[in-house]
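What follows is a set of notes on a single structure, which appears directly below.
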Amino acid sequence: MTLNVTIWNEYRHETSREDVRKVYPDGLHGPIADHLRSEGMTVRVATLDEPEHGLTEAALADTDVLTWWGHLAHYEVSDEIVARVQQRVLDGMGLIVLHSGHHSKIFRSLMGTTCNLIWREADERERIWVVEPGHPIAAGLGSYFEIPREEMYGERFDIPAPDTLVFVSWFQGGEVFRSGCCYQRGLGKIFYFRPGHEMYPTYYQKEVLQVIANAVKWAAPAGAPAVMFGNRPPLEKF
Ligand code: ZN
């Protein structure tokens, strides 16, 4: 079965800042879309400024896994669309939240916490440790990989304890961070993955792309039967 992936990108930094456009001439979504297509997935890109942010009922109904990158304009995402995405997650759509998406309305409403964290922009090396090596999202990685320059995110990260923690990051300045977090909400699987500051070429790095592709496969709907609620007659005579 071919996976249908929608890559959602705010797409404001790349269109308003020359320095970011230099790093991502095709948008932050460009290299991610290319990689997922090379893995045989069907990929659609949706951006904030499209009607309904590109997340119409029909588009979401046809999406197995949605990835989300936002930063400048979380507050411009309409509450109605957030509610629609949340319902799709509860019904089984996978959601991959990237980097500054930690503060998106959709992630905060699914987590129920502030999702605040510590940050610093200082060209630091990030070392991402695989703390759950048997997990499908870590497939193909060694015991760790490094990103030469990234923004630092540090603890405390105000999230609920993940169902499974797959990655922990260390930064040159000394902080650590829970950088690969798995959750289930309703029938839907959610993965938060930390790297991806817009000033660095992180989304061209092969390990990062591998993790995103692994996460999309992991979060794909499991094909659960329709769920029934409410009163029902007993299965046995008694
Ligand atoms: Zn950032």
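Restricting the first member to region 79-92 and to residues that are over 25 Å from P225 (Cβ atoms), and the second to residues that are open to solvent by 60 Å² or more (accessible area, probe 1.4 Å) and of a type outside the set (G, A, S), the beta-carbon pairs closer than 7 Å and six or more apart or on different chains are I81/E52.
Screening region 163-205 for residues that are acidic (D, E) and within 16 Å of the ligand (Cβ to nearest atom) and picking the one that is surrounded by the fewest Cβ atoms within 10 Å (Cβ to Cβ) gives E175. Could you list, in sequence order, all residues of region 109-134 that are more than 16 Å from the ligand (Cβ to nearest atom) and among the β-branched types (V, I, T)? Result: T113, T114, V130, V131. Kindly indicate whether G112 is surrounded by fewer than 19 Cβ atoms within 10 Å (Cβ to Cβ), touching a Leu at 6+ places or on another chain (Cβ under 9 Å), under 30 Å from P225 (Cβ atoms) and modelled with pLDDT of 95 or more. So G112 fails the test.
Number of residues in region 76-101 that are small (G, A, S) and either within 16 Å of the ligand (Cβ to nearest atom) or at pLDDT below 95 (or both): the value is 2. A73 passes every criterion in (1) in contact (Cβ under 8 Å) with a residue 12 or more places away in the chain; (2) more than 16 Å from the ligand (Cβ to nearest atom); (3) out of contact with any Phe, Trp or Tyr (no Cβ under 9 Å at 6 or more places or on another chain); (4) over 20 Å from A215 (Cα atoms) apart from (2).
Considering only region 127-142, state which residues are in a strand (DSSP E or B) and in contact with a helix residue (DSSP H, G or I) (Cβ under 9 Å, 6 or more places away or on another chain).
From region 127-142, those in a strand (DSSP E or B) are 127-130; that's our starting set.
Within region 127-142, I128, V130 qualify.
When region 146-155 is filtered for residues that are more than 19 Å from the chain's Cα centre (by Cα) and of a type outside the set (D, E), the ones remaining, listed by number, are P148, R149.
The values are calculated or read from the model by the stated rules, or taken from the named source; none is laboratory data. Keep in mind the model is a prediction, meaning the values are calculated, not measured. For neighbour counting, all protein chains shown are included, and Cβ atoms are generated from backbone atoms with ideal geometry for every residue, glycine included. Each accessible area value is taken on the protein alone, full model and side chains, heavy atoms only, with ligands, DNA and RNA left out. Shrake-Rupley method; radii C 1.70, N 1.55, O 1.52, S 1.80 Å.
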